[in-house]
Every structure is written in C-alpha cells, then in structure tokens.
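One structure is given here, and the rest of the page talks about it.
Read-outs throughout are calculated quantities, based only on the coordinates presented, and are distinct from any laboratory measurement. A quick note: this is a predicted structure, and the numbers were derived from the prediction, not measured. Glycine also receives a Cβ, built like all others from the backbone with ideal geometry; neighbour counts cover every protein chain displayed.
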C-alpha cells in the first residue's frame, strides 16, 4: 500500500494513490485488456501513468498503420493541429476584437458562433458557441461536470485541471472557493454565473478589459488575454501589475 | 447512469491544480491516442458501437478515478477495436498485424451510429419559453443521460432556447434511444435552490437541458 508520507501530493498522484487499492479490488480494468495495467506498476511513487502505456499505444498505432486503417502522417497532422494551430490564441483574438469593436462585441454576445466564425474559427466542439461577458458585478465560470466539454476552436484542448475531478466536482457547488484558489477573490456583491456544458453548446467567457490598456492595439490586447480568463477562473491582469 | 463521472457537487475529489505553461499533451502517447481516436472513427460506422461518452462512464468507478483522461480514451478505443474485430489482443501484445486476421470492411453509416451533435434543422414545437419556470425530472436511468444529478428534482428558470437537437441518451447497451428531436434550453438554477443556504444568494448555475428532462413548475 502506498503511504501518505508526502505533504503535498500532485493531483494525478492523489487520485492514483486513492484508487490503487480500489482498482485492484474492482478487477475490471476498464475496457477489458485495454489499458489494464498491472497493480505492481503502481507502486513506484513517482509514476503517474502505467509504465507500459506509451508502449501499448505505440503497439496499437503500429498495428493500425500496418492494416492501413490510419495513416501516420495524418496522425502527425492531428497532433500538430492541436499542439500548434488550435489553441487559446484564437480565443484571445476574439476577445481583443470585442474589446476594441463594440459592434463586434454585440454580435459576439448575441450570435457567438457566427461572430467567432468572422475571425475564421469554428468546427468540432465549437458548432454552437455562447459567449458570456464578465462585468464589474457579474463573473462567469465554465465547467463540464459530466465530462470535459470545452470550446476547441477558440481554446484548444482543455488543460488537465479542467478535466480533473476536483474542478468538475467543485466548480458548481463552491465556485467562490475554486476561484480563490486561482487567486481570484470576488466580493460578496459580485454575482457568479457557472455554466455547466451538459449539452452541445460550448461557452467562452469574455473577460473584462483591464485598466491601463487604453492605448493598446488590438494585436497587443490579444497578447494579454489568457486562456484561464476565457474559462473564467481568472481575470485578465491589469497591465500596471507584474502581469504574471 | 448515476456514475462517478457525474461529479457536480461531490466532495473529496482532490485539489484543483493548475500547471503553469502546461503542454497540450504531456506525453507523446497522449497525442497519439487523441489522433487515433479521431482517425479511427470512420471504421466504427454502422457497427452499433454505442456512445463513446457512455463507454467512458461505464469504466468502473475506481478505475475511472485512477486513470488519466487519455488513459480512459485509450481504454475505450482498444475496447472498440476489439469489439469490431479490427485488432486482436494478440496483435496488440505483439505490436504487429497478423496477416491471417481479416480486416472488417468500412461500412456505411447506420441508425445505430452516434449522430452528429449539431442542431437539427427540423421544426419541433417548443414546450417552454424563456422565463418559464421548470423542474428537472427526478429520474435515474442506467444508461447515458445529460441531466446532472445535482439538478434533478430542482426548480429553475428557462433563460434561452437553443433550438432542436437529437437526444443523446442511451440504454444500458450504450445505443442511443433514438433521435427524439427536441428543444434544448439553458435553465438557470439558483445556487441556493441547488445547495441550500450555504450558497451565495447571488450565484446560480446554468445548465443546458433537453426538453424531456424538464416538466413545468
């Protein structure tokens, strides 16, 4: 059994430790032979994934390529697309445009999908976009409690914390606590709206334009928009601060 | 199903730990799993493979919590490839295709396939309108459902009608119950109605719900 000797345990480790025993009991390694790892593989303290999963994935890829079911170059292209082409810089362009163009902002808030498409973004997991605006007395926060739904065309693939059990469980019941952990303490008179993406609509938060940015161009503004501010767990920091 | 995946409102699920400068994929294999899932989907057509979401949900609770996101995807992907006779356990073990194993053909799409989640261009009467008060049904089916437990039996207010979508619910076999084209609404639940007096009176949770999940209040 693993011993709770570490005073700070990483999220994945937390879950893997908690579940090692239970998984051994459960037997059902989820999907028959698939990722079914050997229990002894879990006893290495710093190991967060089964030792052999990289090899098993490689093995599967080889088999599928040999059978001509997939093409290696196509797989490379998918990975490259989501690593380098589709990501939160897209959403940042949308936000920056909304900050400098009131008419665009109005379109964005009423017809999100179409307004986002004006900048060339759309497609899988962005077919039905709703954009919600933060104001001085309203703060929006996006979660998917059932799964990991997230607006891919504007934000890319979600970070691990967004998909984590801790976030999915707490964002709806304790949004103020979650936000405090992200360094955002909201006063009691701010209304928090949590959006649980349970159907096919995907949400993007339009953060408030921070003070001190009056002289900045649209391109400069896009540089300061963070992914987390578009999920709603942080604000875009004022540029007079250290910007971290 | 009342699975551990339906975790809105649960306690004890671990900390939220943002990672500075997080890479899109932490390991190469994660990106490969993501790409393999996308690129093999056409082979799954016409084979009653059922709901990918439901397969993820059916992973035993303890394993679900232990596994990382892409481990779950890999698990479901392999399961599907096995079920469709595309790959055998021996092939996966060996990491090479067995020339004696015939490759099943690509099939045309069939009714049992996962439908596009896109809005349907059909005319269906809406039962509710914005500002209507509704109550989420207190139902506990064992198949896939998009009605989170924490909303069931709770009262809320319709804020928006998103148009008509196909129902994504499945039976225990993972197959969709049918299209049942119907309106999907955003329903606003006050945090106090959901969580009691410990919650802020100002806060609320907005949840997108198919019409079948709702009754008038």
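Where residues in the range B:156-170 are within 9 Å of chain A (Cβ to nearest Cβ) and not in a loop (DSSP other than H, G, I, E, B), which of them is farthest from residue A:132 (Cα to Cα)?
The selected residue is B:165.
Scan the range B:8-58 residue by residue and report those that are within 7 Å of chain A (Cβ to nearest Cβ) and under 13 Å from the mean Cα position of the chain (by Cα).
Correct list: B:53 only.
Which condition number in (1) assigned to a helix (DSSP H, G or I); (2) within 18 Å of residue A:66 (Cβ to Cβ); (3) more than 8 Å from every other protein chain (Cβ to nearest Cβ) is the one that residue B:98 fails?
With (1) assigned to a helix (DSSP H, G or I); (2) within 18 Å of residue A:66 (Cβ to Cβ); (3) more than 8 Å from every other protein chain (Cβ to nearest Cβ) applied to residue B:98, the lone miss is (1).
Would you check which residues across the range A:96-106 are surrounded by fewer than 18 Cβ atoms within 10 Å (Cβ to Cβ) and part of a helix (DSSP H, G or I) and list them? Quick ask: steps written out before the conclusion?
Of the residues in the range A:96-106, the ones surrounded by fewer than 18 Cβ atoms within 10 Å (Cβ to Cβ) are A:100-104, A:106.
Selection gives A:100, A:102, A:103, A:104, A:106.
Grab the helices (runs of 4 or more DSSP H) fully contained in the range A:119-187, keeping just those with 2 or more residues being at the interface with chain B (Cβ under 9 Å from one of its Cβ atoms) and in contact (Cβ under 8 Å) with a residue 12 or more places away in the chain. Explain how you work it out, then say what you get.
Working: elements: A:152-155, A:160-163, A:165-170, A:175-181.
Fully inside the range A:119-187 and qualifying: A:160-163, A:165-170, A:175-181.
Could you please find all residues in the range B:82-100 being out of contact with any helix residue (DSSP H, G or I) (no Cβ under 7 Å at 6 or more places or on another chain), in contact (Cβ under 8 Å) with a residue 12 or more places away in the chain and on the phi < 0 side of the Ramachandran plot?
Residues satisfying the conditions are B:83, B:88.
Restricting attention to the range B:203-217, which residues are surrounded by fewer than 22 Cβ atoms within 10 Å (Cβ to Cβ) and not in a strand (DSSP E or B)?
Answer for the range B:203-217, where residues must be surrounded by fewer than 22 Cβ atoms within 10 Å (Cβ to Cβ) and not in a strand (DSSP E or B): B:212, B:217.
Just to be sure before I move on: is residue B:153 within 17 Å of the chain's Cα centre (by Cα), touching a residue at least 12 places away in the same chain (Cβ under 8 Å) and either more than 9 Å from chain A (Cβ to nearest Cβ) or loosely packed, with under 15 Cβ neighbours inside 10 Å (or both) in the structure I sent?
Spelling it out, it is not the case that residue B:153 is within 17 Å of the chain's Cα centre (by Cα), touching a residue at least 12 places away in the same chain (Cβ under 8 Å) and either more than 9 Å from chain A (Cβ to nearest Cβ) or loosely packed, with under 15 Cβ neighbours inside 10 Å (or both).
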